[in-house]
Amino acid sequence: MKRRRQTEISPHPNLSGLITARLCYQVSAMDCDSVVKDLNKLLKENRPDTFNSSWVRKNAPAVYRFIQTYIRTETGGIDWDRFTLSLDREFQKRWIAPRRKRAKPYRNKGEVGIVLQKYHDKLYTFLTPADKNDKHVRDVISITMVRIAQKGNVTALQEIVRLLSFTIDDWIDRNPKISRWRGYDHLIRKLIEGCIRRYRYSGTFIGYLFKTLEYAGRGLMPIHTYSLDDTLYSGEKRRIDSIGQDPETGKLSFFGRNIDAR
């Protein structure tokens, strides 16, 4: 890959915020696409079972220098997530992310504020993404927030759990595979936090969360809610008319079946 002059790397004046959010925000989409294509080509030629940042530095030093210089996170460091997200799908699965040390909990609203301020007009994507571009921005935001939370930032953890709850509520309403989770809010929160702790890199975090909900939800019993004022059968009785309480034990009974009154 030929080295480009600095003037070729500067942002294009017509780039929208969405395009820059897709990969990097200091270089033009054409430069980023060129680097992605170069690495995709190299990976296809070498076919490594797995690869990481050290592999890139050794086998594609020019690509590594470009990423190190221009593709950065909002809070510092190389943004490997954002770069590998743009690679071909088969190579995304082979990426081995840098290991993270066990983090001590801390609170830092500033780190979270940087991300929320940058994407303040795109947070709607967690509730109503309009198209593939919106979903991609949601992927970028979620991965960025998850990485900050993995560092131990409790504020980031709380914020990303809140945002993802909107997405999951929409899935519950629209997707039969996730609808079993209706009414299990306490379990949903635990599952989200577990996914945040375990996520390394296996594609997008949103996709990982969806699959985890799908598989974990197969053993859940759907929760059905009814009003005691609903009529039964012929319509002559209401549900509440079929409920009685034993004066000695205090237990409730519904059609002869005991109901724990605790």
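Quick notes on this structure:
- All positions within segment 93-108 that are modelled with pLDDT of 85 or more and out of contact with any strand residue (DSSP E or B) (no Cβ under 9 Å at 6 or more places or on another chain): LYS104
- Lone qualifier among THR84, THR75 - being at pLDDT below 80 and buried (at least 18 other Cβ atoms within 10 Å of the Cβ): THR75
- Residues located in segment 67-95, provided they are in contact with a Ser or Thr (Cβ under 9 Å, 6 or more places away or on another chain) and of a type in the set (A, V, I, L, M, F, W, C): ILE67, ILE78, TRP80, LEU85, PHE91, TRP95
- Residue check, VAL112 touching a strand residue (DSSP E or B) at 6+ places or on another chain (Cβ under 9 Å), touching a residue at least 24 places away in the same chain (Cβ under 8 Å) and surrounded by 19 or more Cβ atoms within 10 Å (Cβ to Cβ): yes
- Within segment 25-96, helices (runs of 4 or more DSSP H) holding 3 or more residues that are under 21 Å from LYS135 (Cβ atoms): 29-46, 80-84, 89-92
- Search result, residues across segment 140-184 that are of a type in the set (D, E, K, R) and touching a helix residue (DSSP H, G or I) at 6+ places or on another chain (Cβ under 6 Å): GLU159, LYS177, ARG180, ARG182
- Contact annotation: residue pairs with Cβ atoms under 6 Å, 6 or more positions apart or on different chains, pairing a residue in segment 92-108 that is in contact (Cβ under 8 Å) with a residue 24 or more places away in the chain and closer than 10 Å to GLY152 by Cβ with a partner that is of a type in the set (Lys, Arg) and not in a helix (DSSP H, G or I), are ALA103/LYS151.
The values are calculated or read from the model by the stated rules, or taken from the named source; none is laboratory data. Being a predicted model, the structure only gives us computed values, none of them experimental. With ideal geometry, Cβ positions are generated from the backbone for all residues, glycine too; neighbour counts draw on all protein chains shown.
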